[in-house]
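The values are calculated or read from the model by the stated rules, or taken from the named source; none is laboratory data. What you see is a predicted model; the values in this text were computed from it and never measured. Virtual Cβ from ideal backbone geometry, glycine too; neighbours counted across all protein chains shown. These area figures cover heavy atoms from the full protein model, side chains too; ligands, DNA and RNA do not enter into them. Shrake-Rupley method; radii C 1.70, N 1.55, O 1.52, S 1.80 Å.
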Amino acid sequence: MKNLLDFFIKHSSWFVFTFYAIVSLILLFQTNPYQQSVYLSSANTVTASIYNAFGSVTSYLNLRDINEDLQERNALLEMEVTNLRNQVYDLRLQLEDSAIVSNGEQQFDFILAHVISNSISQTNNYITINRGSAEGIKPEMGVVDQNGVVGMVNVVGTHSARIISLLNPNLRLSCKLKNSEYFGSMVWDGKSPEYAVLQELPKHVIYHKGDTIVTSGYSAVFPEGIIVGIVDGNYNGVNENFISLKIKLTTNFSQLSTVRALKNTMHEELEALKQDNNEEEK
């Protein structure tokens, strides 16, 4: 306490000066219209600058929520397009055979997730997301982002899951040239994370550099028409029966952030049919 009193006594002149200065400024700005207008203008400028800075910080912190909302809206639109495409296909079948009836239900739904771990430089690359069985994630779900195919779920925990990346030679994806019925098998060759190889295309297939490669829809994992990449050219020549194409992947695996796990509402039904077919073949 004594030290505090000594401090005030030692610097008393400064405290007195500060007090009189504050009182003088208050009297000056309150009793003089011109000085008061200058003060208000300056105060408004400072306040506006502070609010602008605060607004910039708040906007930056909200970017993730905004991005997630945009991703969800984009995913909904993509699923609508995919399901409309399937319904158009069913209607075409109905025109060919009136006995075929479509229920018009949405076949694919999605679950939004964030990437928490990702590798692109290993021999076998995997991705971890922050959604698991508690959120509806199951093995063999296809995974995409806004640019194209990412991979397929293979291990599921309660609140996380591991995805086999498309940059993994163990994952083979049925793909085709857009607007064509010729399909092949997409696989990563272990080289660049920007490219993969579309194998086993019939030798007579006509293609051009820049053609779009999409999922074929010949599995219960991905719907038809999800973009995978762009034809970059021929890959290691042509054999007797097939050709292989070098594909520039549309997904940027080095910048994965928000992804969508695709839920096929008909998965169990399709698997049951497949199992019945296998038993009949035996």
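Among the residues of region 193-209, which ones are part of a loop (DSSP other than H, G, I, E, B) and either within 21 Å of Ser165 (Cα to Cα) or open to solvent by 30 Å² or more (accessible area, probe 1.4 Å) (or both)? Answer for region 193-209, where residues must be part of a loop (DSSP other than H, G, I, E, B) and either within 21 Å of Ser165 (Cα to Cα) or open to solvent by 30 Å² or more (accessible area, probe 1.4 Å) (or both): Pro193, Glu194, Lys203, His204, Ile206, Tyr207, His208, Lys209.
If the condition is being in contact (Cβ under 8 Å) with a residue 24 or more places away in the chain, open to solvent by 30 Å² or more (accessible area, probe 1.4 Å) and over 16 Å from the mean Cα position of the chain (by Cα), then region 147-159 contributes Val156, Thr158, His159.
Arg162 meets all of the listed conditions (1) more than 19 Å from Ser254 (Cβ to Cβ); (2) in contact with a strand residue (DSSP E or B) (Cβ under 6 Å, 6 or more places away or on another chain) but one, namely (1).
Taking region 147-168 as the range and being assigned to a loop (DSSP other than H, G, I, E, B) and touching a Pro at 6+ places or on another chain (Cβ under 7 Å) as the test, only Leu167 passes.
Might you check whether a residue that is outside any loop (DSSP other than H, G, I, E, B), closer than 14 Å to Ser244 by Cα and free of Cβ contacts under 8 Å to residues at least 40 places away in the same chain occurs anywhere in region 124-133? Among the residues of region 124-133, not one is outside any loop (DSSP other than H, G, I, E, B), closer than 14 Å to Ser244 by Cα and free of Cβ contacts under 8 Å to residues at least 40 places away in the same chain, which makes the answer no.
A quick yes/no check of all residues on (1) in a strand (DSSP E or B); (2) open to solvent by 20 Å² or more (accessible area, probe 1.4 Å); (3) at pLDDT below 90:
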| residue | (1), (2), (3) |
| --- | --- |
| Ile213 | yes, no, no |
| Pro223 | no, no, yes |
| Gly237 | yes, yes, yes |
| Ser244 | yes, yes, no |
| Glu271 | no, yes, yes |
| Lys274 | no, yes, yes |
